[in-house]
Structure formats: structure tokens, C-alpha cells
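Participant: Quick one: structure below, then a few questions.
The values are calculated or read from the model by the stated rules, or taken from the named source; none is laboratory data. None of these values were measured; they are calculated from a predicted model. Methodologically, a virtual Cβ is constructed for each residue, glycine included, from the backbone with ideal geometry; neighbour enumeration extends over all protein chains shown.
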């Protein structure tokens, strides 16, 4: 039996790194190949930039999803932050971070 000590949201780029040999894990490899859009460094940059905004509405799991999905518009951001009401300024701040990717 596995005993979970703690849980922490991680980006898909982190999953690639943590998982080790993906050749033996073909389903995971295929999933990551299809959905992971950024390198580890790029993903870390997005996460750190959003964290530095010190916005209480930006929960860690939302930040990680932004780094994974790289939303291109306000609708994409609203889907990630579905239970939080972001104002236009906050949405534009997020878009400014992800626009270069």
C-alpha cells in the first residue's frame, strides 16, 4: 500500500523530469508528448513570474495549469480560474506572462 505524505501540483514539464525513463511508460510518454507545450525552464519561468505577482487569487494549482495550458485569451484563463472572479487587469497580467510562449 502506498502512503501519501503530501501532495503538490507539478507542471507537465516537471512530470517529464520526475518520471525518468519514459520509454517504459508509453502511455505517459504519449500524453506528455501531446500536451506538454513548454520546456522545464520555460515552465519554471511562467510559474515563478506568476508567483511573484503575490495575488491571493493565484492558487498554486491555477499557476501550474496556466504553465501547462498556456491560455491564449481571457476565456482560457477564466476556465482555469473557474471558481475565482478575476478582473480584467488580473487577466491581462496573466496573458502578458504567457504571450511569449
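Participant: Restricting attention to the range 69-89, does a residue exist that is under 21 Å from residue 14 (Cα atoms), out of contact with any helix residue (DSSP H, G or I) (no Cβ under 6 Å at 6 or more places or on another chain) and surrounded by 14 or more Cβ atoms within 10 Å (Cβ to Cβ)?
Facilitator: yes
Participant: When you scan the range 38-58, how many residues do you find that are exposed (fewer than 13 other Cβ atoms within 10 Å of the Cβ) and either in contact with a strand residue (DSSP E or B) (Cβ under 7 Å, 6 or more places away or on another chain) or free of Cβ contacts under 8 Å to residues at least 24 places away in the same chain (or both)?
Facilitator: Matching residues across the range 38-58 total 6.
Participant: What tally of residues in the range 1-33 results from selecting those that are surrounded by 13 or more Cβ atoms within 10 Å (Cβ to Cβ) and under 20 Å from the mean Cα position of the chain (by Cα)?
Facilitator: Kept after step one, since they are surrounded by 13 or more Cβ atoms within 10 Å (Cβ to Cβ), are these residues of the range 1-33: 9-16, 19, 22, 25, 28-29, 31-32.
Pick out the ones that are also under 20 Å from the mean Cα position of the chain (by Cα) and you get 9-16, 19, 28-29, 31-32.
Number of matching residues: 13.
Participant: Which of the residues spanning the range 52-75 are within 16 Å of residue 86 (Cβ to Cβ), more than 11 Å from the chain's Cα centre (by Cα) and in a helix (DSSP H, G or I)?
Facilitator: 74, 75
Participant: For residue 101, all conditions in the list (1) modelled with pLDDT under 95; (2) within 19 Å of residue 18 (Cα to Cα); (3) surrounded by 12 or more Cβ atoms within 10 Å (Cβ to Cβ) hold save one; what is the number of the exception?
Facilitator: The failed condition is (2).
Participant: Continuing with this model, one more query. Out of contact with any strand residue (DSSP E or B) (no Cβ under 6 Å at 6 or more places or on another chain), closer than 15 Å to residue 97 by Cβ and in contact (Cβ under 8 Å) with a residue 24 or more places away in the chain, is that true of residue 12?
Facilitator: Details: out of contact with any strand residue (DSSP E or B) (no Cβ under 6 Å at 6 or more places or on another chain): yes; closer than 15 Å to residue 97 by Cβ: no; in contact (Cβ under 8 Å) with a residue 24 or more places away in the chain: yes.
Spelling it out, it is not the case that residue 12 is out of contact with any strand residue (DSSP E or B) (no Cβ under 6 Å at 6 or more places or on another chain), closer than 15 Å to residue 97 by Cβ and in contact (Cβ under 8 Å) with a residue 24 or more places away in the chain.
Participant: Right, another one. Looking at the range 80-101, which of its residues are within 13 Å of the chain's Cα centre (by Cα) and in a helix (DSSP H, G or I)?
Facilitator: Within the range 80-101, 80, 94, 97, 98 meet the criteria.
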